[in-house]
1. When region 68-92 is examined, which residues are found to be open to solvent by 30 Å² or more (accessible area, probe 1.4 Å), within 18 Å of Lys150 (Cα to Cα) and over 14 Å from the mean Cα position of the chain (by Cα)?
2. When the residues of region 120-169 are narrowed to those that are among the basic types (Lys, Arg) and over 19 Å from Lys66 (Cβ atoms), which ends up nearest to the chain's Cα centre (by Cα)?
3. When you scan region 245-258, how many residues do you find that are open to solvent by 40 Å² or more (accessible area, probe 1.4 Å) and not basic (Lys, Arg)?
4. What's the number of the only condition in (1) farther than 21 Å from Phe163 by Cα; (2) in contact with an Asp or Glu (Cβ under 9 Å, 6 or more places away or on another chain); (3) open to solvent by 10 Å² or more (accessible area, probe 1.4 Å) that Gly100 fails to meet?
5. For region 204-216, how many residues meet the condition of being open to solvent by 50 Å² or more (accessible area, probe 1.4 Å) and within 17 Å of Leu133 (Cα to Cα)?
6. Would you be able to say whether some residue in region 37-44 is surrounded by 20 or more Cβ atoms within 10 Å (Cβ to Cβ) and at pLDDT 95 or above?
7. Could we say that Ala195 is assigned to a helix (DSSP H, G or I), surrounded by 19 or more Cβ atoms within 10 Å (Cβ to Cβ), under 12 Å from the mean Cα position of the chain (by Cα) and not β-branched (Val, Ile, Thr) here?
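The values are calculated or read from the model by the stated rules, or taken from the named source; none is laboratory data. Predicted, not measured: the structure shown is a model, and the values here were computed from it. Positions of Cβ are generated from backbone atoms using ideal geometry, with glycine treated the same way; all protein chains shown enter the neighbour counts. SASA here: full protein model, heavy atoms, side chains in, ligands and nucleic acids out. Shrake-Rupley method; radii C 1.70, N 1.55, O 1.52, S 1.80 Å.
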Amino acid sequence: MSSRKRFAVVAAAALTLIAPPLGAKVAEAATTNTASPASADKTYTAAEVLAGVQKNSTTANKVNSKPHINTMTRSQNVNVFQVSSGVYAYSSSLAVDDDGSDPDSDPDHQGETTFQDSTGAQLAAHHVPFYVLGDDCYDRKSPCPHFFYKEHGIKGRQFALMFYKSKVIGAIFGDTQTGNDQTTSDNDSRELGEASVKAASSLGIPSSGTTGGVDNGVTVVIFSGSSWVVNGTNSNLNANAQALVQKALDSLGAGMGL
């Protein structure tokens, strides 16, 4: 499980953006609600879908009653919104998680991830784009005042779209942030805003586990339900996730009535 202390990125470096396999340019759109994994008749761009997600990120659609913590800045200003039926979105930082089976020089590197690939191997943070959610309900209540994945049909390797500037990639739910029963760091399960080395590099974000990351501007859109769980191994989970990007854009675009 992720347990690394995070520090805000102070200087913005010029980033060379490398388009992911099924990436798309971001720029405009409109909205409403309902998504399903079925193919939509219309093809939607990342620009249209992101604009729809932003438009539907309203107080009426907010899932959490208490704010989450931005992993990088520590500000308690991150909220989760149900932007369509079974689809949840938040915008926060990207703190770099380098845990898993890849060796790493980061002193906080841990060899295990909360979820594994389809063969049971620990995920490889340098090869698999994955995002991180809280390990438990910090408040120990049900329903949880914070967004707790187990209450929303989300399991390990659950597919998500990740947007940053002019890019979109596919990612899977791979690791969790410190739970109540862990004391290995100052982090806790209310945090949102962490993803793997591969997710960062694919989005054009500095990907070092010790000095990388970005403070804000990353939007994660999670598709709940068993049909959106991605199967595969460390060698092909990235390709399998990218293969779902356009399908997810079209499904969500149609679900929001764009």
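1. Within region 68-92, Gln82, Ser85 meet the criteria.
2. Within region 120-169, the subset among the basic types (Lys, Arg) is 140-141, 150, 155, 157, 165, 167.
Imposing the further condition that a residue be over 19 Å from Lys66 (Cβ atoms) reduces the set to 155, 157, 165, 167.
Details: Lys155: 13, Arg157: 11, Lys165: 15, Lys167: 14 Å.
Checking each candidate, the answer is Arg157.
3. Kept after step one, since they are open to solvent by 40 Å² or more (accessible area, probe 1.4 Å), are these residues of region 245-258: 246-247, 254, 257-258.
When the remaining residues are screened for being not basic (Lys, Arg), the result is 246, 254, 257-258.
The qualifying residues number 4.
4. Only one criterion is unmet by Gly100, namely (3).
5. The total comes to 1.
6. Initial filter on region 37-44 (surrounded by 20 or more Cβ atoms within 10 Å (Cβ to Cβ)): 44.
Cutting the leftovers down to at pLDDT 95 or above gives us 44.
There is at least one residue in region 37-44 that is surrounded by 20 or more Cβ atoms within 10 Å (Cβ to Cβ) and at pLDDT 95 or above.
7. Details: assigned to a helix (DSSP H, G or I): no; surrounded by 19 or more Cβ atoms within 10 Å (Cβ to Cβ): yes; under 12 Å from the mean Cα position of the chain (by Cα): yes; not β-branched (Val, Ile, Thr): yes.
No: the conditions fail for Ala195.
Every residue, every condition in (1) in a strand (DSSP E or B); (2) closer than 22 Å to Leu50 by Cβ; (3) out of contact with any Phe, Trp or Tyr (no Cβ under 8 Å at 6 or more places or on another chain), yes or no:
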{"position": "Ser201", "(1), (2), (3)": "no, yes, yes"}
{"position": "Gly209", "(1), (2), (3)": "no, no, yes"}
{"position": "Gly232", "(1), (2), (3)": "no, no, yes"}
{"position": "Asp250", "(1), (2), (3)": "no, yes, no"}
